[in-house]
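Colleague: Mind having a look at this structure? Questions to follow.
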Amino acid sequence: MIVKEWCMYCGECAGVCPRCLIEVRETSLNFNEEGCKDCRICVQVCPVKALAKEE
Amino acid sequence: MKLIETEILVIGAGPAGSSTAKHAALNGAEVILMDKKSEIGAPKRCAEGVSKEGLSKLGIEPNSRWVTKELSGVRLISPNGTDVWMKEDQVKLPEAGYILERKVFDKFMAMEAARAGATIMIKTLARGMRKDNNGYIVSCESMGEDLEIKAKIVVGADGPESRVGRWGGLKTAAKPKNMESGIQFEMVGVEMDDPDCIEFYFGSVAPGGYAWIFPKGDDIANVGLGIISTYTDKTAYEHLLEFVKNCPATKNAQPVELNIGGDPVGGMIKNLVKDHIMIVGDAAGHVNPLTGGGIITALEAGMYAGEVAAAAVKDEDYSEKRLMEYQEKCKNEIGNSFDKYLKTKDYMLSLSDSDLDSIAKAFQNTEFENISTKELIKLLIKVSPKALLKLGKLF
């Protein structure tokens, strides 16, 4: 997952991740890429379009 | 690795977590309240409105350190600009209240927990947990140091992104249709018709939610909106920029702060407890599904959680069955009304902009006596035959 520089770490992506793969830290996001099934719900809900999936 | 033991560990020091910690400590329990952030309450993720009635019910005295504005009315605005004013000098407004400074308020609540006897750990992140003989061991990271905290009861007050509940086997993940994307500017140079009234804007300006202007004194206001991502192709940020550009009150205003955050508006989570685990606040869906407001309910649910957790410690019974007392309290005091508000929200989302304009027009010609969220819905039922069919039996 690409986390853009303007991510504000609000955690909305983590709240909707059906597999609980996102750890929200104070100033960073950790994705457990191995468990990701590419549903992209996290990308869809981000209020500022700060997430993008690596193609 | 360093191991700390406690009776109750509360993860997350927002209003729900601090209230839980405070009431658990007041009832004699040994409590640790931890938060991943270096500053409790910052950044805010909230429009900062609370009702006077709600604070009073919880015995919290308003304090000039965290009240920025006392409100005296509400203005509702439909998509075509038809507005409905409800002012305290004309009608009773039991839910009228205050605009807070959350950065100060949240710290104040954490200080109350500390004064009650809770230990506070800031800049401490929970990274996982595992079951132990008589509780859980939570793996944490604090200022670069790994440590473990063993607790008989772990309370997840870790917000809409809650992982604690999920680690403990509770279903806290929100579906996108139940997660409102909230976004807000704090702005200066806001020109409101009445800076003592909060304003709500409905319709396609904020698909799935609404937009707001909450005055904070002088020409300062929180200007924001909440949307549901499944209702629009634009981001919340794009909707906010459009709103600010088109709204007469904000045409000349400038942002001094940007806030974002998810608001779980799908109603209260069904199961709030497991053996040794409780969840509270946004993590538990303690957010009014219709208004998106959650400060008072978080404080209230935190009070119940703290009291029940402390009693469970005294009884040395940390079972799901014992902790169920908390869930029942939440269901009776919060959840049942949320079920009705959820149905009302679903109905509101089915309305077109022109439906909303018609309702606003009908409201303009109506005499108000007492206005609360419930009374407004009753009025909606009166003026809209469609609402009567959908909501008539509920209110």
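The values are calculated or read from the model by the stated rules, or taken from the named source; none is laboratory data. Everything quoted here is computed from the prediction, not taken from an experiment. Every residue, glycine as well, gets a Cβ built from its backbone with ideal geometry; the counts of neighbours run over all protein chains shown. Surface areas here come from the heavy atoms of the whole protein model, side chains and all, with no ligands, DNA or RNA. Shrake-Rupley method; radii C 1.70, N 1.55, O 1.52, S 1.80 Å.
Colleague: If eta is 0.692 mPa s and T is 37 °C, what Stokes-Einstein diffusion coefficient results for the protein assembly as shown, Kirkwood Rh from Cα pairs, in µm²/s?
Modeller: Reported coefficient: 147 µm²/s.
Colleague: A further question follows. Do the sum for chain B: with -39,500 (n - 2.57) for every DSSP H run of n ≥ 4, divided by all residues, what is the mean residue ellipticity at 222 nm, to the nearest 500 deg cm²/dmol? Each step should come with its number before you reach the end.
Modeller: Values: 11 runs with 124 residues, N = 395.
When only DSSP H runs of four or more count, the value is -9500 deg cm²/dmol.
Colleague: Suppose every Lys and Arg Cβ carries +1 and every Asp and Glu Cβ carries -1, with no other charges. What dipole size does the stretch B:348-391 come out with about its Cα centre, to the nearest 20 debye?
Modeller: On the way: 6 positive and 6 negative charges, 43 e Å.
I would put it at about 200 debye.
Colleague: Express the accessible area of the stretch B:348-391 per residue in Å², computed with a 1.4 Å probe while the remaining protein chains stay in the model. List each step's numbers first, then the result.
Modeller: Numbers: 2650 Å² over 44 residues.
Per residue, the stretch B:348-391 has 60 Å² of solvent-accessible surface.
Colleague: Before anything else, pin down the relative contact order of chain B: Cα pairs under 8 Å, at least 6 apart, normalised by residue count, whole percent.
Modeller: Working: 904 pairs, mean separation 86.1, N = 395.
This gives 22 percent for chain B.
Colleague: Here is a follow-up. For B:G293, list long-range residues whose amide hydrogen, built 1.01 Å from N in the peptide plane, is under 5 Å from its own amide hydrogen.
Modeller: Amide H neighbours of B:G293, under 5 Å, 5+ apart: B:N288.
Colleague: A further question follows. List every residue whose amide H lies under 5 Å from the amide H of B:M179, counting only residues 5 or more places away in sequence or on a different chain, with H placed 1.01 Å from N in the peptide plane.
Modeller: Result for B:M179 returns B:V265.
Colleague: Determine the alpha carbon to alpha carbon distance for each of B:K340/B:K378; B:K92/B:K378; B:K57/B:K343; B:K177/B:K343; B:K22/B:K274; B:K270/B:K343 and list only those over 19 Å.
Modeller: In this structure, B:K57/B:K343; B:K22/B:K274 lie more than 19 Å apart at Cα.
Colleague: Let me ask something else about it. How large is the charge dipole for the protein assembly as shown, taken about the Cα centre, if only the Cβ atoms of Lys, Arg (+1) and Asp, Glu (-1) carry charge, to the nearest 20 debye?
Modeller: Values: 56 positive and 65 negative charges, 219 e Å.
Dipole of the protein assembly as shown, to the nearest 20 debye: 1040 debye.
Colleague: Here is a further query. Stokes-Einstein at 10 °C, 1.306 mPa s, Kirkwood radius from Cα pairs: D for the stretch B:122-242 in µm² s⁻¹?
Modeller: Numbers: Rh = 17.6 Å.
Estimated via Stokes-Einstein, D reaches 90 µm²/s.
Colleague: What fraction, in whole percent, of alpha-carbon pairs in chain B exceed 41 Å separation?
Modeller: Details: 11218 of 77815 pairs.
Tail fraction, whole percent: 14.
Colleague: Now for a separate question. Leaving out same-chain residues fewer than 8 places away, which aspartates and glutamates sit with a Cα under 17 Å from that of B:K234?
Modeller: Straight-distance partners of B:K234: A:E12, B:E180, B:E242.
Colleague: For a bin width of 5 Å, list the pair-distance distribution of the stretch B:239-382 built from all Cα-Cα distances, rounded to whole %.
Modeller: For the stretch B:239-382, the pair-distance distribution reads 2, 8, 14, 14, 14, 14, 12, 9, 6, 4, 3, 1, 0.
Colleague: Just to be sure I follow the definition: excluding the sites themselves, where is the longest run in chain B that has none of the GluC sites (Glu not before Pro) in a DSSP loop with at most 14 other Cβ atoms within 10 Å? Write out the running numbers ahead of the final one.
Modeller: Numbers: sites that count: B:E39, B:E191, B:E316, B:E367, B:E369.
Result for the longest clean stretch: B:40-190.
Colleague: Roughly how many percent of the accessible protein surface of the stretch B:348-391 is carbon and sulfur, given a 1.4 Å probe and a whole-percent answer? Please report the intermediate quantities before stating the final value.
Modeller: Working: 1380 of 2650 Å².
About 52 percent, which is the carbon plus sulfur part of the accessible surface.
Colleague: Shifting gears a bit: Bins of 10 Å, beginning at zero and ending with the bin holding the largest distance: percent of Cα pairs per bin for the stretch B:348-391, please.
Modeller: Using 10 Å bins, I get a P(r) of 27, 61, 12 for the stretch B:348-391.
Colleague: In vacuum, with every alpha carbon of chain A counted as one equal point scatterer, what does the Debye formula give for log10 I(q)/I(0) at q = 0.16, 0.31 Å⁻¹? Two decimals, please.
Modeller: Those come out to -0.38, -1.70, one per q.
Colleague: With the cut-off at 1.5 for a/c, could you classify the stretch B:1-156 from its C-alpha gyration tensor as rounded, prolate or oblate? Kindly include the intermediate steps, with their values, before the conclusion.
Modeller: Numbers: a/c = 2.88, a/b = 2.31, b/c = 1.24.
Cα axes put the stretch B:1-156 in the prolate bin.
Colleague: Using a 1.4 Å probe on protein heavy atoms only, how many Å² of accessible area do B and A hide from each other, summed over both chains and rounded to 100? If you can, show how the numbers build up before the last one.
Modeller: Details: alone 17580 and 4040 Å², together 19350 Å².
That pair hides around 2300 Å² of surface in total.
Colleague: So, one more: Please calculate how many Å² of accessible area the stretch A:2-52 carries per residue, with a 1.4 Å probe and no DNA, RNA or ligand atoms counted. Please report the intermediate quantities before stating the final value.
Modeller: Values: 2480 Å² over 51 residues.
It amounts to 49 Å² per residue over the stretch A:2-52.
Colleague: Distance from the Cα centre of the stretch B:190-256 to that of the stretch B:106-148, in angstrom?
Modeller: Between the Cα centre of the stretch B:190-256 and that of the stretch B:106-148, the gap is 36 Å.
Colleague: On to the next question. Kindly write out, for the stretch B:256-264 in residue order, the coupling ³J(HN,Hα) from the Karplus curve 6.51 cos²θ - 1.76 cosθ + 1.60 (θ = phi - 60°), rounded to whole Hz, with x marking Gly and Pro.
Modeller: Result, ordered by residue: 10, 7, 10, 10, 9, x, x, 10, x Hz.
Colleague: Let me ask something additional. Loop only per DSSP, at most 14 neighbouring Cβ atoms within 10 Å: give me the trypsin sites (Lys or Arg not before Pro) in chain A, ordered by residue number. Don't skip to the answer; put the middle values down first.
Modeller: Working: sites: A:K4, A:R19, A:R25, A:K37, A:R40, A:K49, A:K53; in loops: A:K4, A:R19, A:R25, A:K37, A:R40, A:K49, A:K53.
Here the trypsin sites (Lys or Arg not before Pro) that fit, given the DSSP loop and packing criteria, are A:K4, A:R19, A:R25, A:K37, A:R40, A:K53.
Colleague: Would you mind giving the mean number of other chain beta-carbons within 10 Å of the Cβ of each residue in A:13-25, as a whole number? Display every interim value, and only then the final one.
Modeller: Details: counts 3, 9, 18, 12, 5, 3, 2, 8, 1, 2, 7, 6, 5.
For this peptide, the per-residue mean of nearby foreign Cβ atoms is 6.
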